[in-house]
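Novice: Let me begin by handing over the structure; questions about it come next.
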């Protein structure tokens with residue numbers, strides 16, 4: 001089901017949590033609402049669900065204005081950050097809940113319910129846990145049961161609030177991919193909230209970056225990464241070097257391929273892997289030197305120092321493949337020549 | 001590894017070095033037992049001994065006296081009316097306080113505690129001043145032939161006043177701790193407000209609720225001060241069991257007085273046992 005938000009605003013006292021949000025989410029997408037904590041992403045998710053109401057603006061699900069509809073009539077599945085499993089019910093009863101509270105006319109028979117619950121338990125690969133209580137499950141298991149419970153009512157939209165936030169790093173990695181595959185299988189329009197850009201890049205088909213209650217940028221992971229629309233997005237997604245162009249930087253930036261009289265802007269962002277590093281042919285005229293380096297597995301991160309204002313040193317980061325670094329055979333303190341292959345300009 | 005060593009030391013230390021000498025332990029335990037025996041067990045035993053001082057027949061005949069039976073009926077009626085009302089009030093108040101943000105919330109929480117801090121006699125007096133013959137509403141009430149003070153409605157109102165914080169006090173912290181998420185989850189799954197309350201909220205708060213109801217019931221049946229002021233002590237009509245104990249005692253009917261008292265003592269013991277069971281049950285949950 002497609003989701004459309006028009007002019008959504010929400011205030012908590014004097015604090016503006018959301019400010020005129022307009023967003024279109026086509027059917028079948030897996031969208032990440034990404035932003036730092038306090039940016040309004042969870043509030044937006046709860047407004048779509050109907051758990052919270054916007055001060056202004058409208059919510060449309062499949063073209064229907066549901067702004068005034070209560071949550072129970074919106075056909076959404078909501079997975080809470082801390083799962084909110086019913087603690088006094090078994091896993092089976094948790095998943096069956098949504099079916100059992102249906103009005104008598106729509107309610108499936110008890111045998112149909114049993115069939116459906118076991119099918120869902122198989123989908124999340126936890127059928128063997130059906131008679132356990134929530135406090136007997138691990139975090140990852142609770143997460144999957146919460147998802148199965150939300151799916152039981154066949155929602156047309158699935159909303160997940162920080163779905164991996166409370167999990168161990170290793171469990172989180174597995175569940176991310178699992179969620180992505182599950183989405184391919186079910187093809188339910190899904191939105192999840194996260195503050196982790198890596199998670200958003202890995203799982204989502206579309207990313208909406210929020211900051212201070214406003215949408216900074218919306219696009220596919222590669223659009224967001226390769227063409228950040230603002231200073232904030234560029235800093236928030238992935239690693240980046242930020243240069244404020246000043247007269248003092250002129251010398252070395254020009255040698256690196258960037259001219260100060262460039263009309264595009266005064267702030268330059270350069271991703272570490274967009275900086276090519278070589279041994280300086282003329283060490284005497286190369287101001288930048290290798291201060292330290294770290295092993296990141298397939299790549300090496302180089303910590304380069306360049307002389308800054310009044311004799312201070314500023315650090316910039318470059319990355320290159322492991323093999324290339326070995327060939328260069330750089331030592332700490334070696335002078336290097338830089339070539340900036342790609343940069344983003346902001347005002 | 002280092003952490004285990006540290007924690008073992010931390011556990012071992014108090015038993016070896018900081019433990020009190022034996023004589024301190026025995027003195028303290030002995031003193032506690034003596035005080036409990038002297039001030040709690042002995043009076044309770046006295047109640048039973050005095051109640052049976054003239055034998056089983058005297059005991060049972062004084063309990064089956066019409067005035068005693070009327071007092072028992074009135075006490076049960078009072079509890080039967082006040083406990084459900086207090087329960088409904090307690091659940092609604094706890095719901096409002098735990099779930100909503102509104103102006104004056106902390107004032108409301110303080111006000112709920114008011115009956116705990118006001119002397120019950122004053123509580124009774126308030127009703128006499130409002131509904132009594134010389135009170136604000138007295139003339140209007142007597143014009144319409146409605147009796148509140150020195151009648152059953154007054155007793156129920158006074159009991160309501162003293163018991164109404166019991167359930168709310170139990171539930172407010174409990175519901176704040178449980179939070180709202182499970183209810184939101186139920187709503188998102190299509191449950192109505194009532195379904196959510198009966199299937200999710202109530203099972204989560206049931207032990208705390210029962211605990212509050214139990215204490216409330218004990219107080220409703222045992223309340224003396226507030227009820228004494230509004231009752232008027234009309235035998236067979238406006239005497240509850242605690243008032244009946246006093247009236248009988250003042251008339252030198254010791255067997256009658258202590259026989260009624262033995263019923264209240266039995267109620268206290270049953271309440272204590274149930275309370276212990278509930279606490280044990282709740283501990284098992286955590």
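The values are calculated or read from the model by the stated rules, or taken from the named source; none is laboratory data. Every value quoted in this text rests on a predicted model; they were computed, and no experiment measured them. We place every Cβ from the backbone using ideal geometry, glycine too, and count neighbours over all the protein chains shown.
Novice: Which of the residues spanning segment A:308-347 are closer than 18 Å to residue A:286 by Cα, outside any strand (DSSP E or B) and at pLDDT below 80?
Specialist: Of everything in segment A:308-347, those that are closer than 18 Å to residue A:286 by Cα, outside any strand (DSSP E or B) and at pLDDT below 80 turn out to be A:308, A:309, A:310, A:311, A:312.
Novice: While we're looking at this one, here's another question. Against the definition (out of contact with any helix residue (DSSP H, G or I) (no Cβ under 6 Å at 6 or more places or on another chain), more than 9 Å from chain B (Cβ to nearest Cβ), part of a strand (DSSP E or B) and closer than 28 Å to residue B:102 by Cβ), how does residue A:16 come out, yes or no? Spell out how you get there, then give the answer.
Specialist: Values: out of contact with any helix residue (DSSP H, G or I) (no Cβ under 6 Å at 6 or more places or on another chain): yes; more than 9 Å from chain B (Cβ to nearest Cβ): yes; part of a strand (DSSP E or B): yes; closer than 28 Å to residue B:102 by Cβ: yes.
In short, yes.
Novice: Which of the numbered conditions does residue A:64 fail, given that it passes all the others? Conditions: (1) farther than 22 Å from residue B:181 by Cβ; (2) surrounded by 22 or more Cβ atoms within 10 Å (Cβ to Cβ); (3) at pLDDT below 90.
Specialist: (2)
Novice: Also, I was wondering about something else. Of everything in segment A:131-150 that's within 14 Å of chain B (Cβ to nearest Cβ) and either assigned to a loop (DSSP other than H, G, I, E, B) or in contact with a strand residue (DSSP E or B) (Cβ under 6 Å, 6 or more places away or on another chain) (or both), which residue is farthest from residue A:37 (Cα to Cα)?
Specialist: Initially, segment A:131-150 is screened for residues within 14 Å of chain B (Cβ to nearest Cβ), giving A:133-136, A:142-143, A:145-150.
Within this subset, residues satisfying the condition of being either assigned to a loop (DSSP other than H, G, I, E, B) or in contact with a strand residue (DSSP E or B) (Cβ under 6 Å, 6 or more places away or on another chain) (or both) are A:133, A:146-147, A:150.
Working: A:133: 32, A:146: 23, A:147: 23, A:150: 25 Å.
Going through the qualifying residues, I end up with A:133.
Novice: I need the full set of residues from segment A:167-179 which are loosely packed, with under 15 Cβ neighbours inside 10 Å and in contact (Cβ under 8 Å) with a residue 24 or more places away in the chain, in order please.
Specialist: A:168, A:174, A:177
Novice: Might you check whether a residue that is within 13 Å of another protein chain (Cβ to nearest Cβ), assigned to a loop (DSSP other than H, G, I, E, B), in contact (Cβ under 8 Å) with a residue 24 or more places away in the chain and over 26 Å from the mean Cα position of the chain (by Cα) occurs anywhere in segment A:50-59?
Specialist: No, the conditions are met nowhere in segment A:50-59.
Novice: Do the conditions hold for residue A:185, that is, is it assigned to a helix (DSSP H, G or I) and either buried (at least 18 other Cβ atoms within 10 Å of the Cβ) or in contact with a strand residue (DSSP E or B) (Cβ under 7 Å, 6 or more places away or on another chain) (or both)? Walk me through it before giving the result.
Specialist: Working: assigned to a helix (DSSP H, G or I): yes; either buried (at least 18 other Cβ atoms within 10 Å of the Cβ) or in contact with a strand residue (DSSP E or B) (Cβ under 7 Å, 6 or more places away or on another chain) (or both): no.
No, not satisfied.
Novice: Which residue, of B:64, B:119, is more than 15 Å from residue B:167 (Cα to Cα) and at pLDDT 85 or above? Break it down into steps so the answer makes sense when it comes.
Specialist: Values: B:64 fails: at pLDDT 85 or above.
When all the criteria are applied, what remains is B:119.
Novice: I'd like the full set of residues that are part of a loop (DSSP other than H, G, I, E, B), without any contact (Cβ under 8 Å) to a residue 40 or more places away in the chain and more than 8 Å from chain B (Cβ to nearest Cβ), limited to segment A:60-73.
Specialist: First, the residues of segment A:60-73 that are part of a loop (DSSP other than H, G, I, E, B): A:62-63, A:66-70.
Checking the rest, the ones that are also without any contact (Cβ under 8 Å) to a residue 40 or more places away in the chain come to A:66-70.
Residues satisfying the conditions are A:66, A:67, A:68, A:69.
Novice: Now for a separate question. From the list A:220, A:194, exactly one residue is within 24 Å of residue A:42 (Cα to Cα), away from chain B (no Cβ under 14 Å) and crowded, with 23+ Cβ neighbours inside 10 Å. Which is it? Before you say what the answer is, go through the steps one by one.
Specialist: Details: A:220 fails: crowded, with 23+ Cβ neighbours inside 10 Å.
Every option except A:194 fails the conditions.
Novice: Hey, another quick one. Is it true that some residue in segment B:138-149 is crowded, with 22+ Cβ neighbours inside 10 Å and away from chain A (no Cβ under 14 Å)?
Specialist: Initial filter on segment B:138-149 (crowded, with 22+ Cβ neighbours inside 10 Å): B:149.
The next check asks that each one be away from chain A (no Cβ under 14 Å); those that pass are B:149.
Yes.
Novice: Another one. Would you confirm, using the coordinates I've provided, whether residue A:82 is within 14 Å of another protein chain (Cβ to nearest Cβ) and either out of contact with any strand residue (DSSP E or B) (no Cβ under 7 Å at 6 or more places or on another chain) or outside any loop (DSSP other than H, G, I, E, B) (or both)?
Specialist: On the way: within 14 Å of another protein chain (Cβ to nearest Cβ): yes; either out of contact with any strand residue (DSSP E or B) (no Cβ under 7 Å at 6 or more places or on another chain) or outside any loop (DSSP other than H, G, I, E, B) (or both): yes.
Judged against the criteria, residue A:82 is a match.
Novice: Mind checking whether some residue in segment B:252-267 is modelled with pLDDT of 85 or more, within 14 Å of chain A (Cβ to nearest Cβ) and surrounded by fewer than 21 Cβ atoms within 10 Å (Cβ to Cβ)?
Specialist: No, there is no match, as no residue in segment B:252-267 is modelled with pLDDT of 85 or more, within 14 Å of chain A (Cβ to nearest Cβ) and surrounded by fewer than 21 Cβ atoms within 10 Å (Cβ to Cβ).
Novice: Only helices (runs of 4 or more DSSP H) wholly contained in segment B:153-244 count here; list those with 1 or more residues that are within 10 Å of chain A (Cβ to nearest Cβ) and crowded, with 24+ Cβ neighbours inside 10 Å. Show your work before the answer.
Specialist: Working: elements: B:165-178, B:181-188, B:193-196, B:202-222, B:225-231.
Once the helices (runs of 4 or more DSSP H) in segment B:153-244 are filtered for at least 1 residues that are within 10 Å of chain A (Cβ to nearest Cβ) and crowded, with 24+ Cβ neighbours inside 10 Å, what remains is B:181-188.
Novice: Filter segment A:88-109 for residues that are more than 23 Å from residue A:50 (Cβ to Cβ) and either within 7 Å of chain B (Cβ to nearest Cβ) or part of a strand (DSSP E or B) (or both) and give the result.
Specialist: A:88
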